[in-house]
1. What distance in nm separates the two pseudo spin-label positions at residue 156 and residue 206, each 7 Å out from Cα along the beta-carbon direction?
2. Longer than 26 Å from Cα to Cα, which of 40/285; 145/308; 32/116 are they? Say none if no pair is.
3. Normalized C-alpha radius of gyration of the stretch 231-274, against 2.2 N^0.38 Å?
4. Between residue 32 and residue 217, what is the label-to-label distance in nm when each label sits 7 Å out along the Cα-to-Cβ direction?
5. Sticking with the crude label model, points 7 Å out along Cα→Cβ, report the distance from residue 302 to residue 128 in nm, one decimal please.
6. Grab the beta carbon distance between residue 144 and residue 53, set R0 = 41 Å, and tell me the FRET efficiency rounded to 0.05.
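Read-outs throughout are calculated quantities, based only on the coordinates presented, and are distinct from any laboratory measurement. Nothing here was measured: the structure is a model prediction, and the numbers come from that model. Don't worry about glycine lacking a Cβ; one is built from the backbone with ideal geometry, like all the others, and counts go over all protein chains shown.
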Amino acid sequence: MPRDAQKLTGVQKAAILFITLGPEASADIIKKLPESEIQKITYEIANIASVKSDQKQEILQEFIEINKAKDYLTEGGIEYARNLLSKALGSQRAFEILEKVTEATQQFRPFAIARKADAQQLLNIISNEHPQTIALILCYLQADKAGQIISALPEEVQAEVAFRVAAMSNTSPIVVKEIEKVLDDKLSSVVKSDMKAIGGVPTLVEILNQVDRTTERNITESLEKEDAELAEKIKESMFVFEDIITLDDVSIQRVLREVETKELALALKGCSEEVANAIYRNQSKRAAAALKEDIEFLGPVRLMDVEKSQQRIVSVIRRLDEAGEIVISRGGEDAIIV
């Protein structure tokens, strides 16, 4: 690959790939990505004036090679993939591709059998473990499964485990292997380990989004006492602006009464049509028309300003939810009685 292509970041390559694939194919892929990644990629796409045809071809070829490598790894492991890629691409190129794949994927993720196991089974096995051990295991589980487990723990343990999940960044492969071995023995299966950055606020947010309101409130209130700044970061991540589409119309109308039109126009600048329509349908025709005019009148705006405006509206939504004036739908048994 030429030097100029080698200097591109992963996000820049993704942007060029989506441009190469075209809008229809790209839309199917990009909608499955995390919101933070979508924002980065769409920003790059917006700022690419032109792409050379040979550069498009090189990035598309790299994409194909990496996906072939993933398939080979799944079929027969690292040695199998290396042999096939070496025959097709040469040993040096095979090494480069496999290095990228192992960095970008979770092919050798620990606790694979735990991810397949029943939540109640896992709860029975780990409920008496140290909170740090439980936190480590939850970081490797699917968010919904981790949510079921943390909801079933005693309240005092819930908060302690949640704090440890949020505070975790990296962990020793030796520690992972030891804990993994315990589950291996108890679940009568072989589990492979791999060093990986885990935990953090995003992991805890995914888990909390799957639990009921009572569990969430207990954990966040406990975290506020332990680390107010961390608790605030978690709250800010619990509900993003695009989640407005999950609110019922009555709740959206209540939120709109608290937000100025200029603020709303800036927040809607560049947002999805689905989000915009959720706002427009909860306004009068005159108000919706005026809002659309305000958005057009704004012209080009900085992404940073849009995000700040969206976050201020999210703060209003959080405040109204905490006051019981609107309802944010959550996982678990957070039901609404009509």
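1. In this crude label model, residue 156 to residue 206 measures out at 3.1 nm.
2. Numbers: 40/285 34 Å; 145/308 33 Å; 32/116 22 Å.
Correct reply: 40/285; 145/308.
3. 1.26
4. With each label point 7 Å from Cα toward Cβ, the separation is 3.8 nm.
5. It works out to 5.7 nm between the two label points.
6. 0.40
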